[in-house]
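The numbers here are math on the coordinates, done by the rules we state, and not lab data. In this text the structure is predicted, and so the values were computed from the model without any measurement. Neighbour counts run over all protein chains shown; Cβ positions are idealised from the backbone, glycine included.
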């Protein structure tokens, strides 16, 4: 055979040999990093490998914290994986569980792993993934000076197929901070049915992002997480008298901290910040504390002094925020809460954005019934739904100036 007649055959062989390499290269996935403009993290919840930012990861210990990422693909059979760093977990440790929503379809109770394949992802076009820290054991979450908590959700990115590209997305212009104990964290509830999540999702319809900052066992001055928990009380006061005075201890308080690894919740000007930058203060602060202070017999005077002084600190750090205190569902320390609000208003006559939501003694009685329809100390799913239905319209009414 002539050499000239062999050339097409050689070219064909070369093409066949090279085609697997070309296909392999074309199939290389795209990784959307945590600092991509396509990713939005819930405000006030997350830290990273460089303070509250960085390129390597974002992490949180707060149940209810979320992230969203948007991308588009030309692939009719797309792929996506959530990338996590689970190296912080001790051996034989039962790490957190997440839930995620892909294009409206939810999956819950997903155990943390280095790679989590996103199921129910279908078709070419635009896709949105929302990941929520659903629950974790109430221990080893806070960390210590210079050291991360061990029981944390650490996200390093989202991997998508090669035909995908990230879509820049912006956070909502306003945000709410929802603060509380195990009831607000969701102990006793399942499938993200906790009242705080329902309130947050209602606020999202009104143009808010939201942050859930809640911890079992915690209170105004009571420490959080499994006793002897390492999560500081919210605003710790000692040696007060008749609800006044006393000494504030910043080292054992967390109102201005995200975790124990020296990450401040405040910006350079001393204001609460969504992400560490200035001008990112919350529009709403909603607090449900007092249950653990009462159950663990915290000093009533110190508790009342804590409420008064924390309200002053919150007002200084979020001058324009609407602050709402929820009387605990069990009516714990209701008197001290109401007296503290009255004292704050008396000493701050210009205060116009402080309100109380009280669901009343009937709710306390409903939770005191053994095996009650709404649950017990920790409301069940129905209890959370009922309370959210009562809280949401009051919150929206207060925000709109209706009361």
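Per DSSP H run of at least 4 residues, take -39500 (n - 2.57); add these up for the chain, divide by its residues and hand me the 222 nm value, nearest 500 deg cm²/dmol.
-8000 deg cm²/dmol
Any idea what Rg and Dmax come out to for region 225-382 if you just take the C-alpha atoms, in Å?
16.5, 49
Helix 334-347: angle to the longest alpha-carbon principal axis of the chain, degrees 0 to 90, nearest 10?
The angle comes out at about 90 degrees.
By DSSP, what percent of the beta bridges with both residues in region 174-399 are antiparallel, rounded to the nearest 5?
30 percent
Length gain on complete extension for the stretch residue 74 to residue 342, per 0.36 nm per residue less the alpha carbon to alpha carbon distance?
Result for the pair: 90.5 nm of gain on full extension.
Can you tell me how much longer the chain between residue 278 and residue 114 gets when fully stretched, taken as 0.36 nm per residue apart minus their C-alpha distance, in nm with one decimal?
55.7 nm
What does the highest-first list of 305-312, 352-359 look like by mean Cβ count within 10 Å?
305-312, 352-359
Within the chain, what percent of beta bridges assigned by DSSP are antiparallel, to the nearest 5?
Given both bridge residues lie in the chain, the antiparallel proportion sits at roughly 70 percent.
Output the relative contact order of region 324-381, whole-number percent, from Cα pairs under 8 angstrom with separation of 6+ residues.
Result for region 324-381 is 38 percent.
Could you check the spin-label model distance between residue 358 and residue 103? Points 7 Å from the Cα along Cα→Cβ, value in nm.
Between residue 358 and residue 103, the label points sit 5.0 nm apart.
Can you figure out the FRET efficiency of residue 93 with residue 241, using R₀ = 56 Å and their beta-carbon distance, to the nearest 0.05?
0.80
Compute the relative contact order of the chain as a whole-number percentage, counting only Cα pairs closer than 8 Å that sit 6 or more residues apart in sequence.
15 percent
By how many degrees, 0 to 90 and rounded to 10, does the Cα axis of helix 3-26 deviate from the longest principal axis of the chain?
So the helix axis and the longest Cα principal axis differ by about 10 degrees.
P(r) of region 315-359 in 5 Å steps, Cα pairs, percent per bin?
P(r) over region 315-359, rounded to whole percents: 5, 21, 30, 23, 14, 7, 0.
On a 0 to 90 degree scale, rounded to 10, what angle separates helix 195-204 from the longest Cα axis of the chain?
60 degrees
Report the FRET efficiency, 1/(1 + (r/R0)^6), for residue 145 and residue 370, where r is their Cβ-Cβ distance and R0 is 45 Å, rounded to 0.05.
About 0.55, to the nearest 0.05.
Would you mind calculating the relative contact order of region 30-166 from Cα pairs under 8 angstrom and at least 6 residues apart, reporting the percent as a whole number?
37 percent
What distance in nm separates the two pseudo spin-label positions at residue 137 and residue 396, each 7 Å out from Cα along the beta-carbon direction?
It is 4.1 nm.
Can you put 190, 156, 303, 73 in order, fewest other beta carbons within 10 Å first?
Result, fewest neighbours first: 190, 156, 73, 303.
Arrange the following residues from fewest to most other Cβ atoms within 10 Å of their Cβ: 34, 194, 363, 117.
Fewest-to-most ranking of 34, 194, 363, 117: 117, 363, 34, 194.
Assuming 1.567 mPa s and 4 °C, estimate D for the chain with Stokes-Einstein, Rh taken as the Kirkwood radius over Cα pairs, in µm²/s.
57 µm²/s
Taking the beta-carbon count within 10 Å as an exposure proxy, list 182, 400, 42 from fewest neighbours to most.
Sorted ascending by nearby Cβ count, the order is 400, 182, 42.
Testing the spin-label approximation: label points 7 Å from Cα along Cα→Cβ at residue 33 and residue 86. State their distance in nm.
The two pseudo-label positions are separated by 2.5 nm.
Largest first and to the nearest Å, give the Cα extent of region 30-166 along each principal axis.
46, 28, 24
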